[in-house]
Amino acid sequence: MRRVGVLISGRGSNLQALIDAAATPDYPAQLVVVIANRADAGGLERASKAGIPTVVVPHRAFPTREAFDAALDAELRRHSCDLVCLAGFMRLLTPGFVEGWHNRLINIHPSLLPAFKGTDGPGDALAAGVRIAGCTVHLVRAEMDSGPILVQAAVPVLPGDDRTRLAQRILAAEHQAYPLALRLLASGAVRVEGDQLVFANPDDQARTALLLQLPLPSQG
Ligand code: GAR
């Protein structure tokens, strides 16, 4: 059983997906602490309801990014975390922190990376006029929104979509993708060689491409 710390900044719907997954039989990970950089992060209540210890580390209280990240690191180590999941954590992490959790730090991003890095994956996908959008769960490297891809889930961009509708469809995909990615990493079904992922079983690798809610072509 791997011990997982989750970092959040907001409502924590991905955290909830992980909480729900971790409550299922045979799930190979246990959430042992939820850390937020904002005291008003809605996800803190989700964690408390699930009986998971919470910590607030307010970034504004620290003079530098390095000092903030050192405080995060100390909390994660105090809770003996093996893995760290970023779940809507909206602070850039320093290279030192990322190195310290090399291959043990996972992020979810609301686009099919390497497209649409940054803070508004759904809005940028819509503006670019792509027909397929989605999300990516990946191991974190120092460069923002980069690193070996664990799982991707694709959803269609539908006629009449606005940013909110598309973001909701992507979010529903995220809730499937993140528990799957954590399961694969925590169970040892996938290991990392350099920047390549190696799956012990090709069937597991095949399951890391989720194609969701593709509409049927209409007649006529
Ligand atoms: C999710 O869509 C996540 O992919 C995104 O923030 C949202 C958090 O929602 N993360 C990023 O954009 C990171 N660059 P949640 O708090 O309900 O999980």
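Here are some notes:
- Student exercise, the stretch 1-83 dipole from Lys, Arg, Asp, Glu Cβ charges, in Debye to nearest 20: 120
- Accessible surface of the chain [probe 1.4 Å, protein heavy atoms]: carbon and sulfur percent: 53
- The phi-based Karplus calculation (6.51 cos²θ - 1.76 cosθ + 1.60; θ = phi - 60°) puts the 3J(HN,Hα) values of the stretch 23-32 at 7, 8, x, 6, 5, x, 9, 10, 7, 10 Hz, whole numbers, x for Gly and Pro.
- Global geometry of the stretch 32-86, whether rounded, prolate or oblate, following the gyration tensor of its Cα atoms and the 1.5 cut on a/c: oblate
- Here the chain is assigned +1 on the Cβ of each Lys and Arg and -1 on the Cβ of each Asp and Glu. Its dipole about the Cα centre then comes out at about 340 debye.
- Loop-resident trypsin sites (Lys or Arg not before Pro) (DSSP state other than H, G, I, E or B) in the stretch 107-175 with no more than 10 further Cβ atoms inside 10 Å of their Cβ: R131.
- With all protein chains in place and ligands, DNA and RNA left out, the 1.4 Å accessible area ranks D26, D161 as D26, D161, largest first.
- Whole-percent P(r), the chain, all Cα pairs, 5 Å bins from 0: 1, 7, 15, 19, 20, 17, 12, 6, 2, 1, 0, 0, 0.
- Nearest-ten-degree value, helix 13-22 long axis tilted from longest Cα axis of the chain: 80
- Residues whose amide H lies under 5 Å from that of G12, counting only those 5 or more places away or on a different chain, are G43; hydrogens are built 1.01 Å from N in the peptide plane.
- The long axis of helix 163-187 is offset from the longest Cα principal axis of the chain by roughly 60 degrees.
- Relative intensity of the stretch 60-142 on a log10 scale, I(q)/I(0) at q = 0.18, 0.20, 0.27 Å⁻¹, equals -0.81, -0.93, -1.32, per a Debye sum over C-alpha point scatterers of equal strength in the absence of solvent.
- Taking N as its residue count, the alpha carbon Rg of the stretch 137-220 over 2.2 N^0.38 Å: 1.29
- Helix 65-78 axis, angle to the chain major axis (alpha carbon atoms, nearest 10°): 80
- Accessible area per residue in Å² at 1.4 Å probe, computed on the stretch 40-159: 45
The values are calculated or read from the model by the stated rules, or taken from the named source; none is laboratory data. If you're wondering where the values come from, they're calculated on a predicted model, not measured in any experiment. Cβ atoms come from the backbone with ideal geometry, glycine included; neighbour counts cover every protein chain shown. We work out accessible area using only protein heavy atoms, side chains counted, and drop any ligands, DNA or RNA first. Shrake-Rupley method; radii C 1.70, N 1.55, O 1.52, S 1.80 Å.
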